[in-house]
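Enquirer: Here's a structure for you.
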Amino acid sequence: MARNKSFRFFANPAVRWLLIVLAIVFSLGLLVLSSVMVKLDQDVRNKFAGVRWVLPAQVYSAPLEIYPGAALGLPQLRHELDRLGYRAGEELVGPGTYIPARDSLRVDMRAFAFWDAAQPEQRIEVRGDDKSIGSLRVMGSDQTVDLLRFDPLLIGSIYPSHGGEDRVLVKLSEVPPLLPQALVLVEDHNFYSHGGVSLRGILRAMLANLRAGHTVQGASTLTQQLIKNLFLSNERTVKRKLTEALMAILLERHVGKDEILEAYLNEVDLGQDGPRAIHGFGLGSQFYFNKPLNELQPHEIAMLVAIVKGPSQFNPRHAPKLVTERRNMVLKMMADAGIITPDEYQDAVRRPLGVTAGGGGGAARYPAFVELVRRQLASLYQEQDLTSEGLRIFTTLDPHVQEALENRITADVPELEKSRHMAEGTLQGAGVVTSVEGGEVLAVVGGRDARYAGFNRAIDTRRPIGSLAKPFVYLTALEHPDKYNLQTPLDDAPVELRLPTGQVWEPKNYDRQLHGTLPLYLALAKSYNLATVHLGLDLGINPVRQTIAQAGFDDVPEVPSIFLGAIDMSPLDVAQIYSTLAASGYRTRLLTIRAVLTKDGKPLNRYPFKLQRTLSEGPVYLTTWAMRKVIELGTAHWAMSVLPPGQSYAGKTGTTEDLRDSWFAGFGSDRVAVVWVGRDDNKPTGFEGATGALRVWGRLIRDLGAKGIETLPPSDVENVMVDPASGLRSGPGCAEAVEVPYLRDSAPQQYAPCANQSQSAPMNWLKSIFK
């Protein structure tokens, strides 16, 4: 009877039509689903095969080079190794470790592919003392080494100015095995058994969320997370989750588990560094621990795995306690699963997070220098190449010099500010340090906050340079030995000049005094304006403009006030022209880049320095001699209190109208340094060059241990003993005599009256200058 009822039910025409409609709908649904799946399948295959990682250019510092006799003590070498992320210990446990001792360091050096050669990992014993390197030896042998080059510091990345992704690609075969093990254990422990979506994971998450009354656990597999990160948005909709699940299932049909895991290791979001998104464990290791991924210890691996859950919430620099708790939870899971031993677990949970104070690398580390690198590259590469092609850029930055410049500006500028009772943050400073040989930019600081990536005063602040221009006026004169030499008397008298505009220009000395007649070198040393203007007017405006252009800066106005520095320049511009003086008249464009390689290590460009003699060596030597007197007895005499004794340096103070800008530029035989101190609103600071920028410069040169100037004259210069009272040649009868350089065959031939007298003539003010 039941069968009859069932038969009658299905025999009902209405039921039959309903079943037919349902069958048609089901068939159409299958057809639509099939077409969607086919399209999704094609999309997944094409998209994954075409995944092209966004790889901003990686910017490296100059490598640290050591050799027997190098003026680098073992304590400083330890500091440099620490900066590179090397770890001190009682044994060498792998690359990036060292053993310190009283008179030696044993170092396991990392392998690194430089622009000119690949360097293998090697273990080296460095012997020395507090001042220098004594010897270098390959451990386990008697083989000595002449030169060692350490892996350079990753100092930045060049990503789009509006922000973007940054990463360091890694291969699964190269990462510590503990990392993928821990990641799978914590994020998706059924990873190797599910087909892209874990039904058990979904049920487990549903139960956990129901018990808690809110979402406490997610069910997305690593494959689903990868699909979302690569191809989908973060919107929380059923459609997006469904698409994510289907694409994950399809991806696993075409791609192996290891390939998916490797892609995840490179794509996962691990935090934010200002506008830069930190993607992948390769960069995460550098960003948080300042060392390569393959050197991470269990507690460090556990921390990176811990923050995958939510890098904003679990930020180790902002929430260290929260991150430590989650890291320890990860370590407990690792111990329970047997991938670390109980002893390793106990050791790991006792360790601090070990996160570096700032981001490991990134433009935030040295923003002013990286910005200069970016600008120098802009003329050779398109923006897209720099921000996505993974170029490797090797630069000239010296981390030791950069650190010294940063320390001086960040310490001294606030001190100067307090001395004038200014509001905190009112006074600013910037500086540039270059090498004399090669014209390499070693350090750049764009403001008192060296990590601030905003306005770069070292490059973009263009202010009048004041008396920094004067050496080029005197150099122009000394190129005419028939008329000028260092002893030529100059008249420090009033000047009144009617300009083409009808205005009358009446410059004054800074001290508002007149100083009569004095020798040329002393007028520069004391920075007397009136004597300099008289000299400049005698030479002419254009010859002085030409001299400055030959030194490396050609945007000089055609006005007489250029003799006193009415030329707007940046600290980098000043470093360019002073570098030409320091290099004895050889000009080379200041460079920040040594080489550029592709991501595969193929060379694109090398940047050898190109020297060109643009200024005569002899007159430059004489000008430098006079600039040494600026420090020895002139406006920069304060520097003698901090500079290394027995060393000679050349430089010039610069002060602008109403004490708005304080400058000092100077050099030894190996370093050129320029410092500017002023206000962004261009209001008076109350500082002269001597009381502001000089204080920073003098301490900087001391901290760097910069070498003094070589005093041996070139072949076209001769030193002549001169009687300071008359400026003529000295003789046996002269009680006082000084050695003064002259261009050959231009020294005075006449002997001073005292040369033929048994008792010298009375000494006037000129004699006292040389005591």
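Enquirer: Dividing the Cα convex hull volume of the chain by residue count, how many Å³ per residue is that? Present the calculation step by step, with values, prior to reporting the outcome.
Expert: Working: hull volume 181.8 nm³, N = 771.
Once divided by residue count, the hull of the chain is 236 Å³.
Enquirer: Which of VAL642, VAL184, LEU372 sits farthest toward the positive end of the charge dipole of the chain, with +1 on the Cβ of Lys and Arg and -1 on the Cβ of Asp and Glu?
Expert: VAL184
Enquirer: Can you tell me the length gained on complete extension of the stretch ARG83 to ASP670, counting 0.36 nm per residue apart and subtracting the Cα distance?
Expert: Working: separation 587, 0.36 × 587 = 211.32 nm, distance 2.37 nm.
In short, 209.0 nm is gained.
Enquirer: Still on this structure, I have one more. Under the 0.36 nm per residue contour assumption, what length would be gained going from the current alpha-carbon distance of LYS131 and LEU199 to full extension?
Expert: Values: separation 68, 0.36 × 68 = 24.48 nm, distance 6.58 nm.
Gain in length upon complete extension: 17.9 nm.
Enquirer: How much accessible area per residue does segment 157-350 have, in Å², with a 1.4 Å probe?
Expert: 47
Enquirer: Okay, moving on. Label points 7 Å out from Cα along the Cβ direction at MET139 and MET329: separation in nm?
Expert: 4.0
Enquirer: Continuing with the same structure: When all protein chains stay in place, what accessible area (Å², nearest 10, 1.4 Å probe) is found for ARG78?
Expert: Rounded to the nearest 10, the figure is 90 Å².
Enquirer: Here's something else I'd like to know. Run the dipole for the chain about the Cα centre, Lys and Arg Cβ at +1, Asp and Glu Cβ at -1, nothing else charged, and hand back the magnitude in debye, nearest 20. Write down the numbers at each step before the final one.
Expert: Values: 83 positive and 84 negative charges, 693 e Å.
In debye, rounded to 20, the chain gives about 3320.
Enquirer: What 222 nm value per residue comes from the helices of the chain, counting each DSSP H run with n ≥ 4 as -39,500 (n - 2.57) and dividing by all residues, nearest 500 deg cm²/dmol?
Expert: Values: 24 runs with 291 residues, N = 771.
That calculation yields -11500 deg cm²/dmol at 222 nm.
Enquirer: Here's something else I'd like to know. Of the peptides 456-469, 126-139, how do they stack up when ordered by the mean number of other Cβ atoms within 10 Å, highest first?
Expert: For the peptides 456-469, 126-139, the packing ranking is 456-469, 126-139.
Enquirer: Related question: Can you give me the % of accessible surface on segment 236-278 that is carbon or sulfur? Probe 1.4 Å, all protein chains present, nothing else counted. The partial results should precede the final answer.
Expert: On the way: 1090 of 1970 Å².
In segment 236-278, the share of accessible area belonging to carbon and sulfur is 55 percent.
Enquirer: Return the subset of LYS629/LYS707; LYS228/LYS309; LYS508/LYS629; LYS131/LYS707; LYS470/LYS683; LYS483/LYS508 for which the Cα-Cα distance in this structure is over 19 Å, preserving the input order. Before the final figure, lay out the partial values.
Expert: Numbers: LYS629/LYS707 17 Å; LYS228/LYS309 15 Å; LYS508/LYS629 22 Å; LYS131/LYS707 15 Å; LYS470/LYS683 24 Å; LYS483/LYS508 26 Å.
Too far apart for the 19 Å limit: LYS508/LYS629; LYS470/LYS683; LYS483/LYS508.
Enquirer: I would also like to ask the following. Per residue, how much accessible area does segment 462-522 have with a 1.4 Å probe, in Å²? Provide the component values of the computation, followed by the final result.
Expert: On the way: 2980 Å² over 61 residues.
Computed with neighbouring chains in place, this is 49 Å² per residue.
Enquirer: Accessible area per residue, 1.4 Å probe, Å², for segment 63-152: what's the number? Don't skip to the answer; put the middle values down first.
Expert: Numbers: 4470 Å² over 90 residues.
Per-residue value: 50 Å².
Enquirer: What are the residues whose amide H is under 5 Å from the amide H of SER198, where those residues sit 5 or more places off or on another chain and H is modelled from the backbone?
Expert: The answer is THR221.
Enquirer: Per residue, how much space in cubic angstrom lies within the convex hull of the C-alpha atoms of segment 441-704? Don't skip to the answer; put the middle values down first.
Expert: Numbers: hull volume 39.9 nm³, N = 264.
So the per-residue hull volume is 151 Å³.
Enquirer: Next up: For the chain, take the longest principal axis of its alpha carbons; what is the angle in degrees between that and the long axis of helix 178-187, to the nearest 10 within 0 to 90?
Expert: The angle comes out near 50 degrees.
Enquirer: Please list 248-255, 388-395, 179-186 highest first by mean number of surrounding beta-carbon atoms within 10 Å per residue. Before the final figure, lay out each step's value.
Expert: Working: 248-255: 19.0, 388-395: 22.1, 179-186: 20.5.
Final packing ranking: 388-395, 179-186, 248-255.
Enquirer: Please give, to one decimal in nm, the separation of the simple spin-label points placed at LEU604 and LYS257, each 7 Å out from Cα toward the Cβ.
Expert: 3.9
Enquirer: Can you tell me the 0 to 90 degree angle between the C-alpha axis of helix 280-289 and the longest principal axis of the chain, rounded to 10?
Expert: 50
Enquirer: Moving to a separate point now. Which residue, chosen from TYR159, ILE307, CYS754, occupies the Cα position most advanced towards the positive end of the dipole of the chain, where the dipole is computed from +1 (Lys, Arg) and -1 (Asp, Glu) charges on Cβ about the Cα centre?
Expert: ILE307
Enquirer: Another question about this same structure. Using the Cα gyration tensor of segment 63-152, with a ≥ b ≥ c the square roots of its eigenvalues, what is the shape: rounded (a/c below 1.5), prolate (a/b larger than b/c) or oblate (neither)? Before the final figure, lay out the partial values.
Expert: Working: a/c = 1.29, a/b = 1.16, b/c = 1.11.
Because its axes are fairly even, with a/c under 1.5, segment 63-152 counts as rounded.
Enquirer: Set the Förster radius R0 to 51 Å, insert the Cβ-Cβ distance between HIS480 and ASP385 as r into 1/(1 + (r/R0)^6), and round the FRET efficiency to 0.05.
Expert: On the way: r = 50 Å, r/R0 = 0.98.
It comes to 0.55.
Enquirer: Roughly what percent of Cα-Cα pairs across segment 157-350 reach past 21 Å?
Expert: Roughly 54 percent, once rounded to a whole number.
Enquirer: Could you order peptides 633-644, 530-541, 220-231 by the average number of other Cβ atoms within 10 Å of their residues, highest first? Let's see the in-between values first.
Expert: Working: 633-644: 18.1, 530-541: 19.9, 220-231: 21.7.
Ranking, from highest mean packing down: 220-231, 530-541, 633-644.
Enquirer: Just to check I understand the Karplus step: with θ = phi - 60° and J = 6.51 cos²θ - 1.76 cosθ + 1.60, what whole-Hz values come out for segment 399-404, glycine and proline as x?
Expert: Using θ = phi - 60°, the values come out as x, 5, 5, 4, 4, 5 Hz.
Enquirer: Using only Cα atoms and rounding to the nearest 10 degrees, what angle (0 to 90) does helix 199-212 make with the longest principal axis of the chain?
Expert: 80
Enquirer: Calculate, for ASP554 and GLU718, the FRET efficiency according to 1/(1 + (r/R0)^6) with r their C-beta to C-beta distance and R0 30 Å; round to the nearest 0.05.
Expert: Details: r = 33 Å, r/R0 = 1.11.
That gives a FRET efficiency of 0.35.
Enquirer: So, one more: Tell me, what % of the accessible area of segment 441-704 is carbon and sulfur with a 1.4 angstrom probe? Don't skip to the answer; put the middle values down first.
Expert: Working: 4760 of 10110 Å².
That fraction is 47 percent.
Enquirer: Hey, another quick one. At 0.36 nm per residue, minus the direct Cα-Cα distance, what do ASN234 and THR711 gain on full extension? Give it in nm, one decimal, please. If you can, show how the numbers build up before the last one.
Expert: Working: separation 477, 0.36 × 477 = 171.72 nm, distance 6.78 nm.
Result: 164.9 nm gained on full extension.
The values are calculated or read from the model by the stated rules, or taken from the named source; none is laboratory data. Everything quoted here is computed from the prediction, not taken from an experiment. FYI the Cβ positions are ideal-geometry reconstructions off the backbone, even for glycines, and counts take in every protein chain you see. Heads up: the accessible areas ignore ligands, DNA and RNA and are worked out on the full protein's heavy atoms, side chains in. Shrake-Rupley method; radii C 1.70, N 1.55, O 1.52, S 1.80 Å.
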